[in-house]
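Q: Below are the structure tokens for one structure; questions will follow.
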Amino acid sequence: MCVVAISLPVLVFGLLVFAFGTVVGSFLNVCIWRIPRGLSVTRPLRSLCPHCGRPIRSWDNVPLLSFLMLRGRCRDCAAPISWRYPFVEGLTGLLFLGLSVLQRDSGPGQVIVMGLVVCLLIVASGVDIEFSIIPDELSAFGLIGGLLAGLLLPQLHVGDQPYHTFRTLTGTYHLDGLIGSAIGAAAGGALVLLFALVGALIFRKEAIGMGDAKLMAVVGAFLGWKVAVLSFFLSPFFGLLYGVPLLLFKERHVMPFGPFLSVGAVLVILMRPVACGYLNAYLDLVMEIVRLLAHP
Ligand SMILES: [Zn+2]
């Protein structure tokens with residue numbers, strides 16, 4: 001019999017991380033609703049029911065639990081509350097829990113940065129699904145934040161882990177971090193732009209947009225070019241899983257690509273050392289073949 005021993009402190013810590021994630025998810029819901037409508041995410045502080053406009057009481061604003069207690073309806077007007085609210089809260093909680101378990105070797109600074117990237121991806125996807133755009137405020141915030149993270153936390157890009165961009169470049173640790181971040185942003189953005197250009201030439205319609213390029217630039221700026229490249233090549237599989245049944249039943253043909261990029265990115269982030277290790281092995285193999293072809 002296999003018994004997984006989880007001590008009480010670990011269980012309590014896990015529950016706290018999950019609960020914290022659901023509270024953050026509740027704020028992400030506010031961002032998904034307000035940012036594309038040009039509203040401030042901090043004012044008013046209290047959320048309003050989108051249907052009747054009455055403020056939501058604080059005891060009706062407890063992540064996950066309130067949705068269950070109210071059976072998915074507004075207390076004032078009984079209008080149905082979107083399933084997106086508990087979904088985003090639960091998802092954020094689970095992803096925070098996953099990060100804290102799978103990435104605990106990366107140290108708290110990097111785990112916090114990864115949590116922030118996951119939050120940005122959730123908001124970008126939530127807006128993209130409803131409006132088919134990825135807001136520029138979000139990309140600009142992410143790009144500046146990513147470069148700043150590289151400067152302040154060079155261990156995101158500099159070191160001897162599989163996900164690192166280089167061991168050292170200029171010899172100045174913080175400058176190297178900033179350069180690693182800039183390389184990641186350029187690589188993520190350029191890769192998507194290249195495929196967007198090729199796609200536009202072949203299919204004569206826009207398959208991936210500028211918003212997607214900016215989103216991958218943000219992922220690269222925070223977590224380096226390897227995570228961005230892996231996310232990009234992983235995302236079409238989720239696109240196909242979702243898109244092929246839709247095409248078969250002739251439903252909508254236009255679907256935003258941002259959420260698939262985000263699913264790819266989140267999976268790569270959760271498995272960062274392993275995923276980047278595979279990429280390094282693959283690149284080594286390609287280099288070896290090139291070397292053999294050049295000097296037989
Ligand atoms: Zn209402």
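Q: Give me the angle, in degrees from 0 to 90, between the Cα long axis of helix 8-34 and the longest principal axis of the Cα atoms of the chain, rounded to the nearest 10.
A: 80
Q: Also, I was wondering about something else. Can you pull out the chymotrypsin sites (Phe, Trp or Tyr not before Pro) in segment 1-88 whose DSSP state is coil and whose Cβ has at most 14 other Cβ atoms within 10 Å? Could the numbers behind the result be given before it?
A: Values: sites: Phe13, Phe18, Phe20, Phe27, Trp33, Trp59, Phe67, Trp83, Phe87; in loops: Trp83.
Filter output for segment 1-88: Trp83.
Q: Say each of Val23 and Leu241 gets a label point 7 Å from the Cα, pointing the same way as Cα to Cβ; how far apart are those two points in nm?
A: Each label point lies 7 Å from its Cα, and together they span 3.2 nm.
Q: Here's something else I'd like to know. What spacing in nm lies between the two simple spin-label points modelled at Leu94 and Leu39, each 7 Å away from Cα in the Cβ direction?
A: Computed distance between label sites Leu94 and Leu39 equals 2.8 nm.
Q: Separate question: Along segment 117-124, what does the Karplus equation 6.51 cos²θ - 1.76 cosθ + 1.60 (θ = phi - 60°) give for ³J(HN,Hα), rounded to whole Hz, x for Gly and Pro?
A: 4, 4, 4, 4, 5, 5, 5, 4
Q: So what is the calculated 222 nm ellipticity per residue for the chain, using -39500 (n - 2.57) for each DSSP H run with n of 4 or more, over all residues, to the nearest 500 deg cm²/dmol?
A: Numbers: 10 runs with 197 residues, N = 296.
Helices in the chain give a 222 nm mean residue ellipticity of -23000 deg cm²/dmol.
Q: Here is a follow-up. Springs between alpha-carbon pairs under 10 angstrom, Gaussian network model over the chain: which of Ala281, Ala140, Ala213 fluctuates most?
A: Ala281
Q: Per 0.36 nm of contour for each residue apart, how much would the distance between Leu70 and Val10 grow if the chain were fully extended, relative to their Cα-Cα spacing?
A: Full extension from Leu70 to Val10 adds 18.5 nm.
Q: Here's another thing I want to ask about it. Could you list the residues of segment 92-121 with an amide nitrogen less than 19 Å from a label point located 7 Å from the Cα of Tyr173 in the Cα-to-C-beta direction?
A: Residues 105-113 qualify, since their backbone N sits under 19 Å from the label point.
Q: If you bin the C-alpha pair distances of segment 108-296 every 10 Å from 0, what whole percents do you get?
A: Bins of 10 Å from zero give 10, 35, 33, 17, 5, 0 percent of pairs.
Q: Turning to a different aspect of this structure: If the elastic network links every pair of Cα atoms under 10 Å, which of Pro108, Pro63, Pro135 fluctuates the most in the Gaussian network model of the chain?
A: Pro108
Q: Of the peptides 154-164, 180-190, 234-244, 88-98, how do they stack up when ordered by the mean number of other Cβ atoms within 10 Å, highest first?
A: Values: 154-164: 19.5, 180-190: 23.3, 234-244: 15.3, 88-98: 21.1.
With the highest mean Cβ count within 10 Å placed first, the list reads 180-190, 88-98, 154-164, 234-244.
We did not get these values from a lab; they are worked out from the coordinates using the rules stated. As the structure is a prediction and not an experimental result, all values here were calculated from the model. Here the Cβ is made from the backbone with ideal geometry for all residues, glycine too, and neighbour counts use every protein chain on show.
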